[in-house]
Each structure stands twice: as structure tokens, then as C-alpha cells.
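Structure, as C-alpha cells:
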Amino acid sequence: MTDYHFYRPEDGHRLPHSPLNAIVAPRPIGWISTIGRDGTRNLAPYSFFNLINYDPPLIVFASSGWKDTVANIEASGEFVWNLATRAQAEAMNATSASVGPGVDEFALAGLDTLPSTIVAPPRVAGSPVHFECRMTQLIRLEDRHGEELDQWLVIGEAVGIHIDPAMLEDGVYQTARPVPITRGGGPADYFAITQDALFKMKRPD
């Protein structure tokens, strides 16, 4: 019988590093572009991110702390999700730097932009997929006691979607073709999604 390592999170995990990020992994990256009230372009990655609904398409990400991205979305109601790939991994990482609200992370990371069609924030040039989003909900998270946390959940509806045609084969999007990157555990772990990791299972009838 396995002697599991058990802990109550409120008492600490008793390990060198919290295992949560490594267990719930790899996680897709929310590479979010926004525009500040003063017109400054902002770009930041979030690893608590996912698609949560098909129709309408809703995406969600969570921010630890009230950061520029959240403030910009609250003010404008708009943002763009950009697919982070292996080719742009280092640039994506550069945009995670803790800098002031007046810093343009596109310039900081040496990234060019593409104009969006519906919303104001720009898209990341070179990224093969973009979701232009309008915010539907901004929620402050709470613990089980009802205490408010400094954690903010943003839900947005994708109102415009851009796909590089090179990512399509006979009209079907090829998940591994752009080599998207995902976040693992620890301070530096990432994983690339590649075709050799693919296996297929059909749902039972």
C-alpha cells in the first residue's frame, strides 16, 4: 500500500517547492495584450488560463494581484489572447518582467504588432493564432471562508479569431504544428507540444 505524502495546504506542503503547479500541468499560456488608459501597450503571460466554453467561445485567466493587464481590461473591456509558441518562447518570457505601467512590453521584448479587427489592443506579430476578446466577467476570488483574495479572474468572449492558414490541413487546425508551449512546475519548467506526443482515442458511443 502506497504511503502518500499528505498535507493540508493551509499548514504548508513540507516540500522544497509547491507541487501544485507541477501536478496541474502542463498548462496553456494566456499571452494577453491590452492597452492602458494612456495608450501604453501591455503584454503579459498568465499560466492560469484556458478555454471554458465553445458557443460563445469563452476564455479565462487568473491574475495573482491587481496587475496592469487586469486594470486595462477593467477600463476598456477588451484584450487579445496570442498563442505562445516555441519560436517566441524567449520573447514571451521577457514580457513576464515586473515593470512599471508605462513600459511597453512589445518594445521590451522586441515584438512587432498586428492590428486587431474588432478590438483596440494589438496582436503579437508572428503568433499563429489570436483571439480578440471582450470581457464578460471580472471576478475577485474568495477562499472557503468567504475571505476575498488578491486574485482576479477575467472571462472574455472571443469575438474575432485569426488563424494562420499554414496551421490548417484540409481545413482542420493542427494543434502541434505551431509548437505551442505550456507551463510546467517550478520556477522555469515549460513544455512544447509536438507531433510525436500525439495519441488518439475516440469517445465511446
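Data table
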item	result
Matching residues, the range 94-133, being part of a loop (DSSP other than H, G, I, E, B), charged (D, E, K, R) and closer than 10 Å to Leu43 by Cα	Asp104
The lone exception for Arg41 - which of (1) surrounded by fewer than 21 Cβ atoms within 10 Å (Cβ to Cβ); (2) within 27 Å of Asp189 (Cβ to Cβ); (3) at pLDDT 95 or above it fails	(2)
Residue within the range 152-165 that is free of Cβ contacts under 8 Å to residues at least 40 places away in the same chain, touching a Lys or Arg at 6+ places or on another chain (Cβ under 8 Å), more than 27 Å from Ser64 (Cβ to Cβ) and exposed (fewer than 15 other Cβ atoms within 10 Å of the Cβ) present	no
Among (1) in contact (Cβ under 8 Å) with a residue 12 or more places away in the chain; (2) out of contact with any Lys or Arg (no Cβ under 9 Å at 6 or more places or on another chain); (3) among the charged types (D, E, K, R) - the single one Arg8 does not satisfy	(1)
Residue, nearest to Ile32 (Cα to Cα), within the range 169-189, restricted to residues that are surrounded by 13 or more Cβ atoms within 10 Å (Cβ to Cβ) and hydrophobic (A, V, I, L, M, F, W, C)	Ile181
Criterion (closer than 23 Å to Gly126 by Cα and surrounded by fewer than 18 Cβ atoms within 10 Å (Cβ to Cβ)) met by exactly one of Leu51, Leu15	Leu51
Residue among Asp170, Asp205, Asp189, Asp196 that is under 17 Å from the mean Cα position of the chain (by Cα) and over 29 Å from Glu74 (Cβ atoms)	Asp189
Residues of the range 78-98 satisfying the condition of being more than 21 Å from Ala176 (Cα to Cα) and either surrounded by 15 or more Cβ atoms within 10 Å (Cβ to Cβ) or in contact with a Cys (Cβ under 6 Å, 6 or more places away or on another chain) (or both)	Glu78, Phe79, Val80, Ala94, Thr95, Ser96
Close pairs (6 angstrom Cβ cut-off, 6 or more residues apart or separate chains): more than 14 Å from Val99 (Cα to Cα) and in a strand (DSSP E or B) in the range 34-46, of a type in the set (Val, Ile, Thr) and modelled with pLDDT of 95 or more anywhere	Thr34/Thr69; Thr34/Ile73
Members of the range 116-149 found to be under 30 Å from Arg86 (Cβ atoms) and of a type in the set (Asp, Glu), listed by number	Glu132
Residue in the range 138-149 that is farther than 19 Å from Pro26 by Cβ and in contact (Cβ under 8 Å) with a residue 40 or more places away in the chain present	yes
Single residue of Gly171, Gly156, Gly185 found to be at pLDDT below 95 and over 16 Å from Thr85 (Cβ atoms)	Gly185
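The values are calculated or read from the model by the stated rules, or taken from the named source; none is laboratory data. The structure displayed is predicted, hence computed values, not measured ones. Methodologically, a virtual Cβ is constructed for each residue, glycine included, from the backbone with ideal geometry; neighbour enumeration extends over all protein chains shown.
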